[in-house]
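Derivation of every value follows stated rules applied to the coordinates shown; laboratory data play no part. Since the model is a prediction, treat every value here as computed from it, not as a measurement. Glycine also receives a Cβ, built like all others from the backbone with ideal geometry; neighbour counts cover every protein chain displayed.
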Amino acid sequence: MTEGRAPALWALIPAAGVGRRMGAERPKQFLRLGSRSVLEHTLGIFLEHPAIRGVVLVVGSGVDSDAMELPSAGGRLFLVTGGAERADSVRNGLEFLAGRAGPEDWVLVHDAARPCLPPEDLDRLISLLQHDPVGGLLAAPSSDTLKLAGTGERVERTLDRSSVWRALTPQMFRLQALREALDAAAASGVAVTDEASAMEFAGAHPRIVEGSPMNIKITQPEDLEVAEIYLRRQQRLRNAG
Ligand code: C5P
């Protein structure tokens, strides 16, 4: 980081998954969602955001990036090859960023498979966290009563749903702190499925920022239809506003 410069904001989009649960012939991020692919929708949210300096897109090693329909990004989009697990893909993206970003710069890690992130949630996350010592994540409260399963598909106990949150993305942390946390988790053989878990493993307490439950992760085939409805709704609200 240059002396005196405010930390920059970068987006890192892991898109190297194969999406087995979708049962489709292509990974879910390349499936159509209206007129564009899931990935194009997701990238658009960050490339159109004026505060985001650049976007690192992490793709699978077998992906022909020339054949990908990517939005024009004026040199702000960088392609990196992913790894076996989501955390490996994120680590590859962070390693790339370390060559061009400052250690205190913010990195917003966002699943490629979440194309319905409302731009106002992104704005709120940034404004609430940009002076935070740790960083944090978007999360949604649970509207259902939550059960902890024991053995034999029987309820062990009921969780206090007022203190349980569903982790969404983006998750926003400082570049160097996040790199160190993910490296430490990997070195200890701890499997982390989001960035906040790695930070927790390092002893930090990420801040929870309430986000919209519309920010779904496309996982099952029917999620595509739901995502289309949510995107149309967002468009309608934008037009009305
Ligand atoms: O598999 P899951 O739904 O948790 O994936 C979340 C995001 O992480 C997806 O955008 C997927 O493409 C990405 N991912 C990745 N590298 C992997 C596995 C998943 O970038 N090895």
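Quick notes on this structure:
- Members of segment 79-93 found to be under 20 Å from H49 (Cα atoms) and buried (at least 24 other Cβ atoms within 10 Å of the Cβ), listed by number: G93
- Test: residue in segment 168-181 that is surrounded by fewer than 17 Cβ atoms within 10 Å (Cβ to Cβ) and either of a type in the set (G, A, S) or closer than 23 Å to R114 by Cβ (or both): no
- Taken over segment 39-57, the criterion of being more than 10 Å from the ligand (Cβ to nearest atom) and outside any helix (DSSP H, G or I) is satisfied by E48, H49, P50, A51, I52, R53, G54, V55, V56.
- Among the residues listed as L231, L224, L237, the single one being more than 18 Å from the chain's Cα centre (by Cα) and outside any loop (DSSP other than H, G, I, E, B): L237
- Looking only at segment 1-44, and only at residues there that are of a type in the set (K, R) and surrounded by fewer than 18 Cβ atoms within 10 Å (Cβ to Cβ), the one that is farthest from L168 (Cα to Cα): R5
- Scanning segment 110-129 for residues that are crowded, with 20+ Cβ neighbours inside 10 Å and within 18 Å of E195 (Cβ to Cβ) yields H110, D111, A112, A113, R114, L117, D121, L122, L125, L129.
- The requirement of being touching a strand residue (DSSP E or B) at 6+ places or on another chain (Cβ under 6 Å) and more than 15 Å from the ligand (Cβ to nearest atom) is fulfilled somewhere in segment 70-86, by at least one residue.
- Sole exception among (1) under 27 Å from V134 (Cα atoms); (2) within 14 Å of the ligand (Cβ to nearest atom); (3) in contact with a Pro (Cβ under 8 Å, 6 or more places away or on another chain); (4) not aromatic (F, W, Y) for G60, by number: (1)
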